[in-house]
Structure formats: C-alpha cells, structure tokens
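Working notes for the structure below.
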Amino acid sequence: MRALSYTVAPSAEAAVARFAAAQGSARYIAGGTNLYDLMKLGIEHPAHLIDVSRIDGMDAIETDGDILRFGGRALMTDVAYTPVVRDQYPVLSESLLKAASQQLRNMATVGGNLLQRTRCMYFRNGAGSTSMVGVYPCNKREPGSGCSAIGGLDRTHAVLGTSEACTAVAPGDWPVALMAMDATIEMLGPEGPRNLPIAEFYRLPGDTPHREFNLHPGELVTAITVRKTPAGRASTYHKIRDRESYAFALASAAVALEMDGATVRTARIALGGVATTPWRSRAAEAIVTGSPLTPELALRAGRAAFADARGGQHNAFKIELGARVIADALIIAAERRA
Amino acid sequence: MPTQAFSEIARVDARDKVLGRAQYGADVKKPGMLYAMLVPATIAKGKVSALDVAPAMETPGVVQVLGIGDFPALRAEISYRGQPTALVVAETVEAAIEGAEAVTAVYETAPYIPLMTSPGAQRVDAEGFNAGDVDRAFQNAATIVEGIFETPTQHHNAMELFGTVAEWTDGRLTVYEGCQNLDAVKAALMKAFELSLDQIAVKSEQVGGGFGQKSPPKMQTFLVAHAARLIRRPVKLVTPRGQLFHIANYRPRSVHTIRLAASAEGRLQAIIYDVVQENIPDGGFRSTGYHEDIARLYAIENFRATAGDIHIDRQMPRHTRGTHPFPAGFALESVIDEMAYKLGKDPVELRLEHEAKNDIIAGQPLSPHFLNDCLREGASRFGWSRRLPEPGSMRLADGTLVGLGVACGIFGASMSASEATLRVRADGTTRMISSGHEMGQGILTAIANVIIQGLDINPDRLEVLLGDTTLGPQLATVGERGTASCVPTAAKAVEALRARFAELAGANPPAGNLHQQLARLKRPYIEVKVSELAPGQDASAIEAYRTGGRAGTGPDYPGFTSMSYIAQFVEIHIDATTRRIRMPRAVSIADVGRVVSPRTAKSQMYGGVVWGFSTALREESEVDPRFAGYLNDDLADYVMAVNADIGEVDVGLIDKPDPRINSVGVKGMGELVMLGTAPAIANAIYHATGKRLRKLPIRINDVL
Ligand SMILES: Cc1cc2nc3c(=O)[nH]c(=O)nc-3n(C[C@H](O)[C@H](O)[C@H](O)COP(=O)(O)OP(=O)(O)OC[C@H]3O[C@@H](n4cnc5c(N)ncnc54)[C@H](O)[C@@H]3O)c2cc1C
Ligand code: SF4
C-alpha cells in the first residue's frame, strides 16, 4: 500500500506549519469531493493529507458589516442558504445550488471549490488508473506531453482564453459568480497572510497549463470576501448544461446589474463553461451600460463577449450558446431589480 | 383460458432492498476471501510482446498475478482496447488495484479501425428480406418520404457492475454474480473446468439491472474461478465501470436508410429499408434483426430490407434494452411522422388507419392486439386534440417553443418452456421454485401474485425462489420473455395444486385457509411440479430447458404471431433563446396482454420513458479514433438522465389478454417500454421547431 498520512489541523496556522514540514508532498483536504476523486483517478498522489475541514472558525459566514465574508471551509450548502446571500445575492446562491448535487454540496467547501480541477476527459480519464482504461497525453497532467483535446473530442472545451497547449474549461460555477462580484481571496501561507482579488487568482493556460492558480505552495484559503453592493439583488447565475442537474456548465453567465428604471447603470458579467478561467467580460458590460436593456441589446452584449472566441472541432456552438446565455441572464437579472 | 385481471400487490422484495438485505453478487463475503483487479490493454490492436508482472508481485498484499498465457482468456493478441492482459489477486482491494497499476506491458501495435466511419472500414452485406412488390408500389406512389437515421453507440450502465465471487470447496465450484443467463454460465464453467453437474453452482438471486449486458457469460467469471482454484481461497472481482465500458458489450452505432411510399389515397404502401451497424466479425448481434419487428407494426404489405455490418476493432456489441426495434423504430416512426405532415394527416390518425392484421414476415395472422386502443387512450389522456398541426405554431407566453409528438413501438412476444415446483405447507408457509432472474423488473412479484390470487395462502409467508442453478434449470431472462414464460407455468402450478387439494379433501373440505385446511387434514404439505410449453412446442422443449438447450421460441408460433405494443406521447419545451430542451410531460400506454403485477408493470413503464428520454437526448459512448477506447467511461461524463430531467409521466396498460399466446394471456414488456420515447421526442422537436433531427442523441447544439 502506498503510505499516506492523514492529520486533522486544529488551526490555520497549524495547517500551514504542517504543510511546510511535509515539503511539497502534502495536500490540504476539505470536503474531499475533488481531491479523493483525483487520487482514485491516479492524478494526485499526495503522501500527506492535512484535513482543514475542522479548523475552528474557518466555517464562519459573516454578513453584518459592509462585506460578506465566507470562511474557506464553509459548506456550499450553508453559504447558499444563508438568508442574506439567498435574498440579496441570488447570483452567489444560484451558482452554488446549480452545482453538483445536494449530497456533494453538503460535503464540499467554498474554498475547495475555487481549486477544483478541470473536467477535461483526457485529463481526468487518461492517467492510466485501472478504473479508467485511458492513457492520454495531457499537458496539464504531464507538462510537455501534448494536448489530446486539441483535434479530439472537445465538445465541452473552452473557446476563450485557450492556448496551443490547453483548451480545458475552468469547471467551477461559484468562482464565476465571485468573478462578477469582484471577490477577494484571503490566504494564509508560510510567509503570512495575503489577499488577492479573484481576477488575479486564476492563470491562463499559456504554455504552462499545469499551473492553474496564483497560490503559493502551502497557502491556505482562509476566507472569501465580497463587498456588499445593491447590484447583488438584480443578479442571477444562469447555467445551461447537458442535463437539468448534476452536470457542469456548457455555458453559464453570472450577471449583476444596477439599474435606473429600465436603463442599466452598471453591469457585471462573467462567464463559465466557455473559458479556461472564470471569465469577466468588460466588452459585454460596456455594451449594456448606460442603455435601456432590450432583448436585442442583451444579445449584442452576449455576442461582444465572444468576439475573440475560437472554436475547436466540436465546441464552436458554445460561441452562439454562450452569447444567448448572457442575453437570457441579463433579462432575468433586470427583472429582479427592486 | 385467460384469467381475470390481477389486483396490485407491493413489490415482494422491496423491503429487503430498502433495508439492504437483498444480496447481489458483489455483496457476498467469504472467510479468507481475496480481491482481484484486471489489467486492461492500452492499445486497440496488436500484440503484447512483453508483460512485466514482477512489480505487481512485489506490491505488499499481492498474492498472485495471472498474466499472458496463464489462462486461455489472457491472450497476447489484443483485439480491443481494455482487453484484460492480467489478473492481480491480493489480500485487499487496494493492494489489487495498486498491483494492477504496477503491471507494465510492451506492445507491438497494429493498424485498427475504431469507428464505422474510419478510413478502411468496409461493409459486409448480411441477409435481406422481401415481402410483396416493393418496386411496383414505389412506381405507383404519390408521396415518398425518405431519410437517413442514426443511433449512437450506447452502454447499458446498469447500476450493478460486474461482480463475481468464486469459491471452491472439495472440488466443487460456487459462483455468485449478477447475470441474466445462469445456465449458460454454468455450462461454460463446467466445460472450462471439466466439472460434473454436482460440482457446480451459480447463484444470482438479485441482479442490479441487466438490460442485455449480463446475458452472455463473462470472461471475468472464468478468470476469477481459475484464480480461486489456484490459490485455494475465495476470490472476488468487481470490475470498475471504466473497464466495463471497454470489455462489456454495448449497443452498436447503426445507420438506417428508409423510404416510405404512400398512394394518392394516403395509404402507406411500401418501405425500402437498409441498415448498417458497427460489429465485429461473427458478432452475436445480427444486423439482419432490425427489420423484423418494425415490419409487423403497420399494415404495409410491401417491405424490402437489406442489412450490413462494418467490422471495427472494439469489443463485441450485443443486445441492449430495445435491441433492434429501438434504432429501427426511431427511423420508421420518424418517417411516418414526416409522411403525416406531407399527407396533411394527423399522425395519430395515420397510424390508426394502418392497424396491422398480418405478420408479413411469417406470412400469417397476428394475434389480436390493441395498439389502436393504446393510441386512442394515450391521445385522450395527453390531450392530443389541442395540438395545432403546423410546426412552430405552439408557444408559451414567454416565447418557449412547444412541440407535441407521438410514436409507437413493437416487440416480439417470445416465450420459453419452463418448470415450477409449488409446495404449500400446513405450517403456514408456501414455497415456489421457479426459474429465471430478478433484475428489478419484478418477476418475483409477478409469480407471487399469480399464487396469491389463485390460492388462499398466507401471502407474507410465501417464498419464491429463482436465480440459483441448484434449484433446477434457470431460463435465460432475455428478450422480455421471463415473466411471459414463468407466469403461465406458475398459473398451471396453482391449478394443479388446487386439483390435488380437491382430490385430497373430497366433497367436504375443512374450513380455513389452505394451510389450516392441510393441518386439519393432517397433511404436512402438498406439492406439485409442472411444466409448461410455448405454443407449438413439444416435450423436446422441456428437455432443452433442462439441459441448457434452446427452450425459447416465438414471436411467430404455428398459425399466429404475437407482439407487444406501445404508444407514447411527449410534450417538449424549447427555450426561446438558449434552446434548452425539456420534457414536461409524457404519456405511455402499452398492450402487454394480461398485466400480472400492476405495480411492477407500471414501474417498468415509468422506467421505459426515462430510459427512452435518456437514449434520445443524453447518452452516447464517445470514442476518440486516435485511441479507440471510450473517452467518457464513467457516469459523470456518460450523460444519463437524472430525476430533474423527467417531467410528469402518466402510464397506462390496456390489460387485455392475448388469447393465443398462453393460458394467462401475458406478453413481455421490459424492452417494449422504451421504444416510442425517442422518436416521439424527435417528432415533438420537429413540431416545435420545424427541424427534423435524424441523429441521436439530440443535444442543445442541434437546435441552436
Ligand atoms: C459528481 C460531481 C459533480 C460536480 N458538479 C459540479 C458543478 O456542477 N459545478 C461546480 O462548480 N462544481 C461541481 N463539482 C465540484 C465540487 O463543487 C468540488 O469538488 C468541491 O467544491 C470541492 O470542494 P471540497 O471541499 O470537497 O474540496 P477538496 O476535494 O477537499 O479539495 C479540492 C482542492 O482544493 C484544495 N483545498 C481545499 N480546501 C482548501 C483551502 N481551504 N485552502 C487551500 N486549498 C484547499 C485541496 O488541496 C484540493 O487540491 C462536482 C463534483 C462532483 C464529484
Ligand atoms: S485541454 Fe488541457 S487538460 Fe485537456 S488534454 Fe489538453 S492539456 Fe490536458
């Protein structure tokens, strides 16, 4: 048996210290819904698991001040059903509730969710585990081995932010909503605490697709914060997938609006399921800002978001679908204005 | 003499299943049991030139590794990706996995043809069929509709994986595993290990879904049995789903070219039909079977069918729920729909006008059947009359496109000879030894209901036994013939037992239920053993049943042919902007003859709609030709329907016996129940959008 140690960290500081002591062979584990999966698939081979799911206080959900603060190990379910989140930030709540299944959401944490890895089938199913017969080259899994998805079965792959090395989609729904809401990630590392805007948290694949996060080794996500804004209310997370639940997005849009009557004062638009990172579209935002929202304008905004998109063999439909999802999301969000 | 309608009883094994007491193959635990894992080949075709099992042997916990040459099934020649090259046996399942992952192979690769569309793939023609004068009918036709239809490679994906436990005691082999044909497994094991009848037992008391995938004997059964004998300890293997995608059978991709001719009066006159499917040489799933059911669906006298196979380098495709009539029916029911539009006829009306009386294949009458009742009942429950005929003409207030679609299905009502032993005891218990496999379809409940409704016994102390070769012969539970075979035999056993009791009790039987009566008569029990034949069979069929021969027959019997029928109606909504496809409503009505167990029959009907929905809009096994394996080989990526996908489903059964097929009038339904859903959905999408989609699965990108 491969040796594997498992310890429960009592505090964030203890977790970070333990990670540092393990010298690179450790992984934090929270709900385990992604990490155990990756271990069984033969993609992750940690020697030490440091369980952060019981750290005192790191599950706190604070909504009193002028920010919303979600502890890194708060459960997806708990955040989604927090009254303030549910009622005043539907974009956040819906992004969680349209993800995975109730059972998974009861285990999975909002911090772990940020760090889940791509669903690219060549990445997941090609590591040579006995449970998955495949052995596929993949730059993300084995840097330099090549990308099987390019020229292959890429129907679910990205059309934005791709590179010659990798076209894998960033899978999470919650990070897309956080991207629209300009969230900040709070971290604790061997060098001390650090805050990073979510826009700087994710890396484009470029020629290093194996490096997905701007997270230093051993850094622990302690919290996620979102500045309170009236845009939260006129918001939605709209997700289109291959079935009505229990599936990742083919295309999704997180939209939050501030409106004067029918006119859009500010718009925040982020996309999921179509890009290699959670994807903010300033171009789409610019189209609707300052104008009365009509279905035609909404669709124009959607199209603008995909101006630089590039389809592969089977995924070009996402360019049109993604534009329409944005259009629908804008209309839904606008209908929710106070 | 067909019986009265049956009243509804609960599923007899529901409580055991809910409480986790029902035993499946993989649940079996034996003292000292070891765990095994297969090592799959990672090339599509070629040869293993070297296999290094040493690292596996060095893995702590590994007890034994069988490699190339250690057992006939472990061959150096590789003919599909995933073909087992070794079996690792260890003290724990984790060690077996780790050992299996430590085995390395050196391959010589050979060119391969992964898909029927791959360069070099060639069609091999199979036998065709002709009835009537097709050419003349087409020459005289006023309206012709044609299309090329395609259904994808799909895997059964029963919830239960392939789980096998093998144990040897004093030279006697016992195997526990989920399967649909115990006698075939038993015979193959006897041959492979040179065993006599008293040296073998195969048990499959509960099967967690078969759908055809568990019909043929599995390679793993032999490997596990061999390992258990070699090591002298029980061995268990539960093959992971990713491997099953590659080694278990599947529904082959098939392409159907169909032309339908109608006369100036709007009568459907003739069909020219061609099918080609992916297959392996000498594959067990015949391309010649596709036309056989659909040619009997309507009164269309002229029918020409041609068929072919394209040989591919993957594992063997085989029967999958709905088998031939599902892909062929998708083509037929789509062109019937298209013809209705061309003729300006209502699609229900057009079907009603073409009720078949004759089987053009066997050239004899069809047994009385009730497809038109299904259509009328379905149309009324569904509210078909509110359909506006024009495509794209129905919308919701928010712009959502609405489509209503209908389609029918037909499946041969075959039967098998079988035996049963029924014993009622004075102590209040009853035991029925029957035959077959409980796969969740409810065969136990159906048999129990025949006994409960026929005899005054304690229903909660009735035990129905099957799925175990030590009980006696076990008929193959395939082609939806299990219930239709066992139930008439059970009915005969009930009759025989009543007769025996009457003989025993004389003119003045004592009071009480049957158990009390026996007690008063001082008889500890009475027992009958009966056998029942399908129409036209003679005693040789029972002999075949007893010896593992071909005991099945039909759906064409001497002088008549019997089929099961279904009509399904669906409502499809398509979002105006994103084109998300949903099915808020479906109605499914079937003629399966006499309904023996209303509860489990309805359950089949619901499941059939879900399965049909999933085949139409979700499922496809994806092969990347550069690698030849199945890329989406798990339940996250092989998209199947989930609860949230399924709207309101209303099911109904005509429940009129087929007077000719057997004493109860019962026909099969397990495959039938999914047949109409996919074409009904495609027809509804056409009605909603004006777009005729001829390739499954239909996905959002097809309607954008
Ligand atoms: C079948 C299935 C369907 C799913 N569908 C969806 C979906 O539709 N949409 C969606 O968004 N998600 C979906 N998910 C993913 C799910 O949301 C994530 O697996 C989950 O959010 C991860 O959280 P976790 O706490 O379980 O993380 P873990 O599995 O415990 O950890 C994941 C990663 O994060 C790291 N980590 C965990 N916590 C921290 C921390 N505090 N600081 C630093 N690193 C940390 C771990 O080291 C690991 O690398 C699905 C998952 C499954 C299994
Ligand atoms: S898209 Fe990225 S993750 Fe997928 S195979 Fe290519 S490199 Fe690997």
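Structure data summary
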| read-out | value |
| --- | --- |
| Nearby lysines by direct alpha-carbon distance to B:Lys342 (threshold 17 angstrom, same-chain neighbours under 8 apart not counted) | B:Lys691 |
| Candidate aspartates and glutamates - alpha carbon under 14 Å from B:Lys191, same-chain residues fewer than 8 apart omitted | B:Asp183 |
| Loss of accessible area when B meets A, both sides summed, Å² nearest 100, probe 1.4 Å | 3600 |
| Amide hydrogen neighbours beyond the local backbone of B:Tyr557, cut-off 5 Å, H modeled | B:Ser562 |
| Of every Cα-Cα pair in the stretch B:405-465, the percent that sits beyond 17 Å | 50 |
| Compactness of the stretch A:5-54 - radius of gyration and Dmax, Cα, Å | 10.5, 31 |
| Dipole magnitude (debye, nearest 20) for the stretch A:149-199, charges at Cβ of Lys, Arg, Asp, Glu | 80 |
| Calculated Rg and Dmax of the stretch B:415-552 using C-alpha coordinates, Å | 15.3, 46 |
| Compactness relative to 2.2 N^0.38 Å, alpha carbon Rg of chain B | 1.00 |
| Portion, in percent, of the accessible area of the stretch B:13-133 that falls on carbon or sulfur, probe 1.4 Å | 53 |
| Hydrodynamic radius of the stretch B:47-167 per Kirkwood, over alpha carbon pairs, in Å | 19.6 |
| For chain A: relative contact order, % (alpha-carbon pairs under 8 angstrom, 6 or more apart) | 17 |
| Rounded percent of accessible protein surface that carbon and sulfur make up, the stretch B:509-638, 1.4 Å probe | 49 |
| With DNA, RNA and ligands ignored, accessible area of A:Thr118 (1.4 Å probe; Å², nearest 10) | 10 |
| Rounded to 5, percent antiparallel among DSSP beta bridges of the stretch B:415-552 | 75 |
| Solvent exposure of the protein assembly as shown as accessible area per residue, Å², 1.4 Å probe | 37 |
| Lys, Arg +1 and Asp, Glu -1 on Cβ, resulting dipole of chain A about Cα centre, debye, nearest 20 | 580 |
| Pairs beyond 27 Å (Cα-Cα), from B:Lys214/B:Lys602; A:Lys140/B:Lys218; A:Lys140/A:Lys318; A:Lys98/A:Lys228 | A:Lys140/B:Lys218 |
| Loop-located GluC sites (Glu not before Pro) in the stretch A:85-187 whose Cβ has at most 15 other Cβ within 10 Å (DSSP) | A:Glu164 |
| All-pairs alpha carbon distance profile, the stretch A:209-306, 10 Å steps from 0, percent | 14, 37, 33, 14, 2 |
| Simple Cβ-charge dipole of the protein assembly as shown, Lys/Arg +1 and Asp/Glu -1, about Cα centre, in debye nearest 20 | 720 |
| Dmax and Rg, reported as Rg then Dmax, of the stretch B:269-357 (C-alpha, Å) | 15.1, 46 |
| Centre separation in Å (Cα based) which lies between the stretch A:1-74 and the stretch B:301-337 | 52 |
| Residue-averaged beta-carbon neighbours from other chains (10 angstrom radius) around B:644-657 | 1 |
| Low-density loop cleavage sites - trypsin sites (Lys or Arg not before Pro) in the stretch A:185-294, where at most 11 other Cβ are within 10 Å (DSSP) | none |
| Relative counts (whole %) of C-alpha pair distances in the stretch B:147-200, using bins that are 10 Å wide | 18, 39, 19, 13, 7, 3, 0 |
| Estimated D of the stretch A:56-338 in µm² per second, where Rh is the Kirkwood radius over Cα pairs and Stokes-Einstein applies at 20 °C, 1.002 mPa s | 112 |
| Over chain B: helical MRE at 222 nm, DSSP H runs n ≥ 4 each giving -39500 (n - 2.57), nearest 500 | -8000 deg cm²/dmol |
| For chain B, the longest site-free run once GluC sites (Glu not before Pro) in DSSP loop states with at most 10 other Cβ atoms within 10 Å are removed | B:266-704 |
| Whole-angstrom gap from the stretch B:266-294 to the stretch B:9-74, using each part's C-alpha centre | 37 |
| DSSP-loop trypsin sites (Lys or Arg not before Pro) across the stretch A:46-116, with at most 13 other Cβ within 10 angstrom | A:Arg54 |
| Taking the stretch B:415-552 and dividing mean pair separation by its residue count, relative contact order in percent (alpha carbons under 8 Å, at least six apart) | 39 |
| Mean separation of Cα contacts under 8 Å (6+ apart) over length of the stretch A:1-73, as relative contact order % | 36 |
| Minimum 40 Å² accessible area buried by the other protein chains, the stretch B:78-121 residues, probe 1.4 Å, relative to alone | B:Arg81, B:Glu98, B:Glu101 |
| For the protein assembly as shown, Kirkwood radius (reciprocal of mean inverse C-alpha pair distance, Å) | 31.2 |
| Three principal axis lengths of the stretch A:151-240 [C-alpha, angstrom, descending] | 42, 39, 14 |
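The values are calculated or read from the model by the stated rules, or taken from the named source; none is laboratory data. Since the structure is predicted, the reported quantities are computational estimates derived from the model, not experimental observations. Glycine also receives a Cβ, built like all others from the backbone with ideal geometry; neighbour counts cover every protein chain displayed. Each accessible area value is taken on the protein alone, full model and side chains, heavy atoms only, with ligands, DNA and RNA left out. Shrake-Rupley method; radii C 1.70, N 1.55, O 1.52, S 1.80 Å.
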